[in-house]
Structures are given as structure tokens and as C-alpha cells.
Amino acid sequence: MKDQSTDSSNHQPLLSNKLKNWLLVGGVVALALIPLVIVKDGKFGGADDQGKETITKIAPNYKPWFESFMKPASSEIAGLLFAVQAALGAGTLGYAIGLYKGRSEAQRLPHHPVNQKIEQE
Amino acid sequence: MRKNNRPRKALSLFAMVGLSTYLILGGAAPAQAMHIMEGYLPLAWALFWWLAFVPFFAWGLRSLVKITKENPDLKLLLALSGAFAFVLSALKIPSVTGSCSHPTGTGLGAVLFGPSIMSVLGSMVLVFQALLLAHGGLTTLGANAMSMAVAGPFAAYWIYHLVLRTSGSYGVAIFCAAALGDLVTYVVTAMQLSLAFPSPTIFTSFVKFGGIFAVTQVPLAISEGLLTVLVWNWLRQYNSEELNTLKSISVRNNVL
């Protein structure tokens, strides 16, 4: 509700923006969930190994000539590393968007605490 | 109010298209690799793609240095573009084919800063995954970077400007750019694999490699498009100032 008042100067009402954003999130969630429901016999393995299999099928004599230096010790460790990757990215993303949001609010509201602090100095 | 309805209508249309795609193609079929695995490109091809990628990387570094020198304030937005690719390529999302793949997240940065900087940001993601996760590889880094950090972003950039010019809607343009850029990445991957493994011809291999993964990737491309529009909405709402700075930069350094 607080956001709504800050955005009134904008020509687009925030509620519809907000609704739009929720629709976008909902769409992504639905796209991820629907396969789990409609594909009954899916293994949902990584596409990596299947890609390898396709190459082995097409070129049975091909031998990979290089190995990764480091492989995650188990699928748990791989999961951890993927989670770290996502967390680093999402943290940065949230920080930036949050900073932008706070800054734009401070500019729109003359009595925002940020501005009062500047006035006092 | 009326102006607002158009993107939303387009959105629901896309959602319907996505759903129909699911229902029609919802059979189980094998999936294709997201990136080419370590050692799975013959030496000559691995070298070829490395050599092809290096100039793009140099170009990207140059743009990166130039942008941060002229507008130090934009560094956070740059970090955001990189972070977006980082998150999205870590998200393995189930698809209708009964396997998982991930989006690329390179469309946003390409549209904001121009495609060349994504050659640097995108390859950072690839290096992280190749070194720590054994996902992709160092020998195949050149090929993977050409598809994910060069071809996808450039396609996204051109599609964005093309769609923006014809439709006039930022939302639709961003969606198409991100979704099609994602697909182009995988089409190029299929092309690279079929060039290296023609059986018996490059074309039949391409049909084999491309036809299979295309189905897996379509819903993921739609997800990528939706997520990119989401971040774009936030940026437009809270940071229209820097978006305008970017617009004037891209007008000056037009890539086309």
C-alpha cells in the first residue's frame, strides 16, 4: 500500500504494474510445475548426460580427450554449488533493485528519512 | 489504462501459446545438452571456436572499460546484468520432455548495454560452471561462449530493436529478445555439435541435435522471457534515469 502512494506521480498506476509482475512470476512457476504434473514417466535428469549419449550414438568411436579438473564429489555437492551460484546472483540482483527502489522513493518523497538526514547536515 | 491493456493481452497470449505448446508436445523425448561437455568437441573444432570467440571477448572488454569509465554509476547495473545471467543459468528447470535444462539470462544485459559486453559477463558464468561444476568445459569454453555469450546476446539485441520498432511496446520487445536469444543459443549449440559430428551429413545431425532439444528449450525460453520482463519492469519503475542514460549511450555507439 505504501508503494502505491509513491508511484502516483507516474502515469502508470502501480497496482497494474504489481499485478503484471505477479502474473510474470506466476507464469514462470506454472511453466516449471506443469511438466512435473503432465509428464508422468519423466526422470528429470540433467540434459548433460543425454547430450553425451546423443554424441555417443552418432559417433560411437569418439573418445573425449579432456577431463574436467574438478568434479563435484556428489550430486549433493553439485546442488550446493548451483545453489551458491543462484544465491550470489540473486543477492546481487536484490541488492541492486532494492537500492534503486529506495533511491527512487527518496527522490519522490520530500520528507523521506534519507532527505531529512541530508537537510540536517 | 487502455495503454496498459496491450502488454497484458500480449502476455496472456504468450501464456496461452506456451501452454498449448506444452499440451501438444508433452510427450517424453530425450533432451539435448545445454552446453557442450568437457572434451566432447574434437581438438580442431575446440580451437576453431576459441579463436572465433577471442575477438568478441576483446570487443566486450573494450566496451566494458569504456562504459565504466564514462559512467561509473552504471557499474551496479552492469553487475545486475551479470548477476541475472548467473542466477538464470543456475536454475535447472523441468521441461515437458521429462528432463531439465536451464535458461541463459543473457538477453537483459545485451538489451541494456549492447551485446558485446555479454561476451565478458556470459563467459564469466561459463568459467564458473566449467571450473567448479564440471558443467560445460574449458576445451569447449570457446564454443559454449560463442553460443551463449555471443550468438544469443547479439540475436537478442537485434530482435529487441526490430520488435520495438514494429510493435512499439518495450515489454513485448524485451520478451521476444530474451526468449528468442535463449533459443538461438541452443540452435547454435546444435549447429556446433552437428558440424563436429556429421552423421552422415551436417544437416541430418543438425536435425537430430536441434530437433530434440528445441522442445525442451521452448518452455524455458518462455520462462526466460517472462523473468527478463519482470526485471525490466522493476528497472523502469525504479531506475528510469539510468535507463535513459543507457539509451543515449547506445544511440551514440550504435552496434548496427
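Brief remarks on what is shown
- Yes/no for A:L88 being on the phi < 0 side of the Ramachandran plot, modelled with pLDDT of 85 or more, facing chain B (nearest Cβ under 7 Å) and not in a loop (DSSP other than H, G, I, E, B): yes
- Helices (runs of 4 or more DSSP H) wholly inside segment B:2-114 containing at least 1 residues that are exposed (fewer than 14 other Cβ atoms within 10 Å of the Cβ), at pLDDT below 90 and within 12 Å of another protein chain (Cβ to nearest Cβ): B:2-25
- Within segment B:123-141, being within 13 Å of chain A (Cβ to nearest Cβ) and either of a type in the set (D, E, K, R) or part of a helix (DSSP H, G or I) (or both) holds for B:M124, B:V125, B:L126, B:V127, B:F128, B:Q129, B:A130, B:L131, B:L132, B:L141.
- Filter result (free of Cβ contacts under 8 Å to residues at least 60 places away in the same chain and surrounded by fewer than 24 Cβ atoms within 10 Å (Cβ to Cβ)) within segment B:115-124: B:M124
- Considering residues of segment A:16-72 that are among the β-branched types (V, I, T) and either over 27 Å from the mean Cα position of the chain (by Cα) or crowded, with 16+ Cβ neighbours inside 10 Å (or both) only, the residue modelled with the highest pLDDT: A:V28
- Selection status of B:T245, part of a helix (DSSP H, G or I), surrounded by fewer than 22 Cβ atoms within 10 Å (Cβ to Cβ), over 12 Å from the mean Cα position of the chain (by Cα) and within 14 Å of another protein chain (Cβ to nearest Cβ): yes
- Of B:V150, B:V127, all but one fail to be within 25 Å of B:L77 (Cα to Cα) and without any contact (Cβ under 8 Å) to a residue 24 or more places away in the chain; the exception is B:V127.
- Scope segment A:23-43; condition more than 7 Å from every other protein chain (Cβ to nearest Cβ) and outside any helix (DSSP H, G or I); matching residues: A:K40
- B:I36 vs. criteria of a type outside the set (K, R) and either within 24 Å of B:K247 (Cβ to Cβ) or out of contact with any helix residue (DSSP H, G or I) (no Cβ under 7 Å at 6 or more places or on another chain) (or both): no
- Checked across segment B:146-154, the condition of being closer than 26 Å to B:S123 by Cα, open to solvent by 40 Å² or more (accessible area, probe 1.4 Å), within 14 Å of chain A (Cβ to nearest Cβ) and not aliphatic (A, V, I, L, M) holds for no residue.
- Leading residue by the ranking (most open to solvent (accessible area, probe 1.4 Å)) among those in segment B:224-242 that are modelled with pLDDT of 90 or more and among the hydroxyl-bearing types (S, T, Y): B:Y238
- Given (1) assigned to a helix (DSSP H, G or I); (2) surrounded by fewer than 23 Cβ atoms within 10 Å (Cβ to Cβ), number of the condition B:P198 does not satisfy: (1)
The values are calculated or read from the model by the stated rules, or taken from the named source; none is laboratory data. Since this is a predicted model, take the numbers as computed values, not measurements. In this analysis, Cβ positions are derived from the backbone assuming ideal geometry, glycine residues included, and neighbour counts consider all displayed protein chains. Areas reflect the complete protein model, heavy atoms only, side chains present, ligands, DNA and RNA absent. Shrake-Rupley method; radii C 1.70, N 1.55, O 1.52, S 1.80 Å.
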